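Note sheet for the following structure.
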Amino acid sequence: MVRYLLVLLLLVSCTASVETQSPEQPVVEPVVEEQAAEVMEPGEPMTEITIETSMGTIDVALDAENAPITVENFLSYVDESHYDGTIFHRVMAGFMIQGGGFTPEGEKSTKAPIKLESQNGLKNDRGTIAMARTNVPDSATAQFFVNLVDNDFLNYAPGNDGYAVFGKVTSGMDVVDKIAGVATGNNGPHGDWPKEDVTIVSVKRK
């Protein structure tokens, strides 16, 4: 339980997470599979986006029915080209890849934080996309992460605020896994930082 609590603090915006990284983070080999975990039923409303990266293309379906606040917030950043030119700044094999908040030059400014929607029934399973935040529940802004495995301990439960899932990868999990395999190190106070930039070239609605 202590280990899980330490790992929970890793999924925060880097400005508030430097002191919370745990050297005991378990490394689990990701399961190679093309089909990401299902989080939406056929017929539910969704918006599809394409994340073009320097390592390939990732398509994502956003679940606006179950995470309306989160999807609206995310799309506002997409429509303003906020993510274009940012990087995946935290990569942890067997856990998740996180991006959307930094360029190679530094951290980007964001809008006001949003309400946490972790009690929406969507699980932090392999291939899902969720919002990163600080240890304050209602603190997510622009940073997001993609789960590499089923991270059940990131789901909402009594006594655990959890992390808000708002969509799933529909194509390109091979690209996600490729990003997860890059070499990482320290960049100033930040750990798990790719030694070579993994750039988010653009994020656009399909």
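The values are calculated or read from the model by the stated rules, or taken from the named source; none is laboratory data. Owing to the predicted nature of the structure, the values given are computational and were not obtained by experimental measurement. Backbone-built Cβ (ideal geometry, glycine too); neighbour counts: all protein chains shown.
Hey, among the residues in the range 48-69 that are outside any strand (DSSP E or B) and either touching a helix residue (DSSP H, G or I) at 6+ places or on another chain (Cβ under 6 Å) or basic (Lys, Arg) (or both), which one's surrounded by the most Cβ atoms within 10 Å (Cβ to Cβ)?
If we take residues in the range 48-69 being outside any strand (DSSP E or B) and either touching a helix residue (DSSP H, G or I) at 6+ places or on another chain (Cβ under 6 Å) or basic (Lys, Arg) (or both), then ALA64 is surrounded by the most Cβ atoms within 10 Å (Cβ to Cβ).
So which pairs qualify, if the first residue must be in the range 181-206 and of a type in the set (Gly, Ala, Ser), the second must be modelled with pLDDT of 95 or more, the Cβ gap must be under 6 Å, and the two must be at least 6 apart or on different chains?
ALA183/LYS195; GLY185/LYS195; SER202/GLU52; SER202/ASP84
For the structure I just gave you, tell me whether LYS206 is among the basic types (Lys, Arg), touching a Ser or Thr at 6+ places or on another chain (Cβ under 9 Å) and at negative phi.
Considered against the rule, which asks whether it is among the basic types (Lys, Arg), touching a Ser or Thr at 6+ places or on another chain (Cβ under 9 Å) and at negative phi, LYS206 comes out as yes.
With the structure loaded, tell me whether ALA93 is under 18 Å from ASP150 (Cβ atoms) and modelled with pLDDT of 95 or more or whether it fails that test.
Yes.
Of the numbered conditions (1) more than 19 Å from THR103 (Cα to Cα); (2) touching an Asp or Glu at 6+ places or on another chain (Cβ under 7 Å), ASP152 fails exactly one; give the number of that condition.
Here ASP152 meets the rest and fails (2).
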